[in-house]
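The values are calculated or read from the model by the stated rules, or taken from the named source; none is laboratory data. Being a predicted model, the structure only gives us computed values, none of them experimental. Counting neighbours? That spans all protein chains shown, and the Cβs are built from the backbone with ideal geometry, glycine included. Surface areas here come from the heavy atoms of the whole protein model, side chains and all, with no ligands, DNA or RNA. Shrake-Rupley method; radii C 1.70, N 1.55, O 1.52, S 1.80 Å.
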Amino acid sequence: MAPPPRERLVSLDVLRGLTIAGMILVNNAGDWSYVFAPLQHAPWDGWTPTDLIFPSFLIIVGVSMAFAFARYRGPERPPMRVYLRVGRRVAILFGLGLVLNALYYLPWWQTLTSLRIPGVLQRIAVVYGIASLLVLWTTPRQQAYAAVLCLLLYWALMTLVPVPGYGAGVLTPEGNLAAYIDNLLMRGHLWQGSWDPEGILSTIPAIASALFGVLAGQWLQTSRDPYEKVSGLFVMGGVGLLLGVAWNPFFPINKNLWTSSYVVFTTGIALAALAFCYWLVDIKGYRRVAIPFVVFGTNAITVYACSIFMDRILAWWSLSQPDGSRVSLKMWIYVHGYEPWGQWLGPASASLLYALTYVLLWLGLMWLLYRKRIFINI
C-alpha cells in the first residue's frame, strides 16, 4: 500500500510558532524581580501556562516527524541518507544547544569546567534522534506501546529504586533518582547545581511526548473526514487531561522531573490546541490571523537561538552612567524605556511590556525572512 500523500498543515506551523513565541516571551522578562506568576515555571509540583510550552513543542516535533517519514512506512527500510540526515540534525541541535549554554559563562576560560551540558535544544536533539529510529523501525501500534512503556518505566524507576541517603520514592529536588544520576554523571555541569530539568533520566518520558505527537500526526494523515480528525484529537486530548489529573496524586505533575503524569496531562492540552488550530486554520481557512505565528513557526529553531544570542549581547554590552558606574545595555533600555511605565501599570506590567516588545522585534526580523521565502532548516 502506497503511503498517503504528504500535505503541509499550516496549523502545525501556527502551533509551532505559538510555542516559540511563548518561549521567547517567558525567557525575556524586563525585570526578573517582577514577573506575573503564569509567566513563571511552577517551583516544583504543579504547573503554570509556562510549563505547557516545551512539551507542546516536543509533541509538534513528533507530528512533524509523522509527515516527514510517512513515505518510509512499510516493510522496506529507509535508505542510509535518511539516517545520515537524522544524525546530522541531532548533532547540529545538540551542538547549538551547547553553544547557547556557553553564552552564559564569563570569563570564557570557565566554560569547559562548568558548562551546562543539558538544555532545551539538547533534549530536542536526543528525543528527536531516538523517536526517529522508533518511527522508522516500528509500526504505529508498537510506537504507542513504546510511549506507554516509557511512562511506566520512568514511574517505576522514580518511585521504586532507592537513592543513597534518601530511599525510594523521594521526589524532592535533591532526593530523586533523576537528580542522583545527573550528579553521578554530570556533576558541575547542571543548571541548578544538584539537578537539571533537562537531565538524563527524565529524557525517557520526554520521548513519550514526541511519540504521542507522532501518533497524532499519523491520525491526521488518514483518509477520515477532517471533522472526524478534529473530534478524535479533542477526544484524545480530553482523555490525556483526565489521566494526567488522575495520576497526579500518585506521581505529581512536575515539569522539572518531566513526570509521567506531566507528559499525559500536557499531551492532552497540546492535542486540544492542535485540534483547535487544525479546525480554525486548515478547515475553516482563517489563515490571515495566523500569519504571525506561521512566520515564527517556519523558522522556529532559528528565531529561538537568535533571540538567546541577542539577549546575551544586550547583557554583555555595557554603558557608562553619569556617576561612573556601568550598566548593561538591556538594563539601560529597560530603565529608560519601560520602567517609567511601571509607575502607571505596575512593575510586573512594565517587565511584561519589555518581553512583548522583544517578541515583536523578532517577529519583524523573521517576517523579512518569510517574505523572501528563506527557511533555515536545521
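Suppose we keep only residues that are part of a helix (DSSP H, G or I) and without any contact (Cβ under 8 Å) to a residue 60 or more places away in the chain within region 183-209. Which one would you say is least open to solvent (accessible area, probe 1.4 Å)? Can you show your working first?
Kept after step one, since they are part of a helix (DSSP H, G or I), are these residues of region 183-209: 183-186, 203-209.
Those still in the list that are without any contact (Cβ under 8 Å) to a residue 60 or more places away in the chain too: 183-185, 204-205.
On the way: 183: 27, 184: 117, 185: 119, 204: 43, 205: 0 Å².
So the residue we want is 205.
For region 127-148, give me each residue that is open to solvent by 50 Å² or more (accessible area, probe 1.4 Å) and either in contact with a helix residue (DSSP H, G or I) (Cβ under 6 Å, 6 or more places away or on another chain) or among the acidic types (Asp, Glu) (or both). Show your work before the answer.
Residues of region 127-148 that are open to solvent by 50 Å² or more (accessible area, probe 1.4 Å), as a first pass: 130, 133, 137, 139-142, 145, 148.
The answer is 130, 140.
Yes or no: residue 352 open to solvent by 60 Å² or more (accessible area, probe 1.4 Å) and not charged (D, E, K, R)? Give the derivation first.
Working: open to solvent by 60 Å² or more (accessible area, probe 1.4 Å): no; not charged (D, E, K, R): yes.
For residue 352, the condition - open to solvent by 60 Å² or more (accessible area, probe 1.4 Å) and not charged (D, E, K, R) - is not met.
Can you tell me how many residues in region 40-51 are buried (at least 18 other Cβ atoms within 10 Å of the Cβ) and out of contact with any Leu (no Cβ under 7 Å at 6 or more places or on another chain)?
So the first thing to find is which residues in region 40-51 are buried (at least 18 other Cβ atoms within 10 Å of the Cβ), and the list is 47, 50-51.
The next check asks that each one be out of contact with any Leu (no Cβ under 7 Å at 6 or more places or on another chain); those that pass are 47, 51.
Counting residues in region 40-51 that are buried (at least 18 other Cβ atoms within 10 Å of the Cβ) and out of contact with any Leu (no Cβ under 7 Å at 6 or more places or on another chain) gives 2.
How about region 14-39: which of its residues are assigned to a loop (DSSP other than H, G, I, E, B), open to solvent by 20 Å² or more (accessible area, probe 1.4 Å) and either hydrophobic (A, V, I, L, M, F, W, C) or at pLDDT 95 or above (or both)?
Looking only at region 14-39, we keep the residues that are assigned to a loop (DSSP other than H, G, I, E, B), and these are 28-36.
Next, only the ones that are open to solvent by 20 Å² or more (accessible area, probe 1.4 Å) stay: 31-36.
Answer for region 14-39, where residues must be assigned to a loop (DSSP other than H, G, I, E, B), open to solvent by 20 Å² or more (accessible area, probe 1.4 Å) and either hydrophobic (A, V, I, L, M, F, W, C) or at pLDDT 95 or above (or both): 32, 35, 36.
For region 63-77, how many residues are open to solvent by less than 60 Å² (accessible area, probe 1.4 Å), out of contact with any helix residue (DSSP H, G or I) (no Cβ under 7 Å at 6 or more places or on another chain) and not in a helix (DSSP H, G or I)?
Going through region 63-77, the residues open to solvent by less than 60 Å² (accessible area, probe 1.4 Å) turn out to be 63-70, 72, 74.
Pick out the ones that are also out of contact with any helix residue (DSSP H, G or I) (no Cβ under 7 Å at 6 or more places or on another chain) and you get 68, 70, 74.
After this cut, where a residue has to be not in a helix (DSSP H, G or I) as well, the list is 74.
Count: 1.
Test residue 151 against the stated conditions and say whether it is in a helix (DSSP H, G or I), surrounded by fewer than 17 Cβ atoms within 10 Å (Cβ to Cβ) and not acidic (Asp, Glu).
Details: in a helix (DSSP H, G or I): yes; surrounded by fewer than 17 Cβ atoms within 10 Å (Cβ to Cβ): no; not acidic (Asp, Glu): yes.
It is false that residue 151 is in a helix (DSSP H, G or I), surrounded by fewer than 17 Cβ atoms within 10 Å (Cβ to Cβ) and not acidic (Asp, Glu).
Output the qualifying pairs, or none if there are none: Cβ atoms under 9 angstrom, residues six or more apart or on different chains, first residue in region 216-228 and exposed (fewer than 12 other Cβ atoms within 10 Å of the Cβ), second residue of a type in the set (Lys, Arg) and assigned to a helix (DSSP H, G or I).
222/229
Looking only at region 246-266, filter to residues that are of a type outside the set (A, V, I, L, M, F, W, C) and open to solvent by 10 Å² or more (accessible area, probe 1.4 Å); which one of those is farthest from residue 119 (Cα to Cα)? Outline the logic, then answer.
From region 246-266, those of a type outside the set (A, V, I, L, M, F, W, C) are 248-249, 252, 254-256, 259-262, 266; that's our starting set.
Among the residues that remain, those that are also open to solvent by 10 Å² or more (accessible area, probe 1.4 Å) are: 248-249, 252, 255-256.
On the way: 248: 25, 249: 28, 252: 22, 255: 14, 256: 12 Å.
So the residue we want is 249.
For residue 180, indicate whether it is open to solvent by 40 Å² or more (accessible area, probe 1.4 Å), in a helix (DSSP H, G or I) and farther than 27 Å from residue 43 by Cβ. Break it down into steps so the answer makes sense when it comes.
Numbers: open to solvent by 40 Å² or more (accessible area, probe 1.4 Å): yes; in a helix (DSSP H, G or I): yes; farther than 27 Å from residue 43 by Cβ: no.
So residue 180 does not fit the description; no.
Contact list please: Cβ distance under 7 Å, first residue in region 117-132 and among the polar types (S, T, N, Q), second residue part of a loop (DSSP other than H, G, I, E, B), pairs at least six apart or on different chains.
122/198
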